[in-house]
Each structure stands twice: as structure tokens, then as C-alpha cells.
């Protein structure tokens, strides 16, 4: 059962100021306890800190993996390809000679943009696959702590 503490301002006959109409003092229960966040007592802060440090190390490792990994996007059936790192840096653009028409540069420009968009989609997918498991450990918020 969570610990309850009487309100310091709850006095006899306080009515709206701290006691119900029955005259019994109101009890205030810590929000952490009332939501069952720390059943059985206070959280082990050393353990929480260790978990946070482990998650940070995993996050850094995942970010480094993303930065080392390259993905390729393409457009026009492979006439234009764009290569990006998992961190989003463009490392190469390849244009097939048959895609170059001096009288129609707009189509070539559109193909380059489409290849970049395709590469960005691949980066996003890679990031989701790499970082997703870590984000799942965050408990829907930050830090992997209940309620955060």
C-alpha cells in the first residue's frame, strides 16, 4: 500500500480549506506512488542511471552504424542514382549518359531530385530499422523511465 501523508494545512473544521465535510483530514499521496510507478518503494537511482548510460551507449553505436552505412536511391529506371550515408550525407550522384539531353535539362533535374528523394526514403527506413528498437525501449517518451 502506498504511503500516505496528511496535508500540513488539513486541520479540524477547515472545510474547503483541507478537510471534507466529515471533518476527517485529507490525505495526499505522492503522484509517483498513486500511479504505481514505484511499487514497493523508491526507485534504485544507481540502476536507473546505469540503464540510461547503457541506452546512451547503444544510441551512439546505432548513430555510428548509420553514419557508416550507405544506401542508394534511383530514378528513371536507374538512369540517375543517388548514394547517401545513413546520416543523410550525399556521397555520390551517378547519371547515365543516355539521361543527358542538352535540349531537356529539366527532365534530368527532375530525375536527380527523384533519386535524392528515393535515397532519403531509404535512409529513413534504415534509421527506423536501426534506431527503432532503441526508441521502443524509451517507454513512449524519453529516458526509458516510467512516466517520462
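None of the figures in this text is laboratory data; all of them are computed from the coordinates on show. Everything numeric in this text was worked out from a predicted model, so none of it was measured. FYI the Cβ positions are ideal-geometry reconstructions off the backbone, even for glycines, and counts take in every protein chain you see.
Couple of notes before you dig in:
- Relative packing of 115-126, 95-106, which averages over residues the other C-beta atoms within 10 Å, highest first: 115-126, 95-106
- As a proxy for reagent exposure, ranking 64, 70 by other Cβ atoms within 10 Å from fewest up yields 64, 70.
- The residues 131, 45, when put in order of fewest to most other Cβ atoms within 10 Å, stand as 45, 131.
- Computed from Cα atoms alone, the Kirkwood hydrodynamic radius reported for region 43-148 is 16.0 Å.
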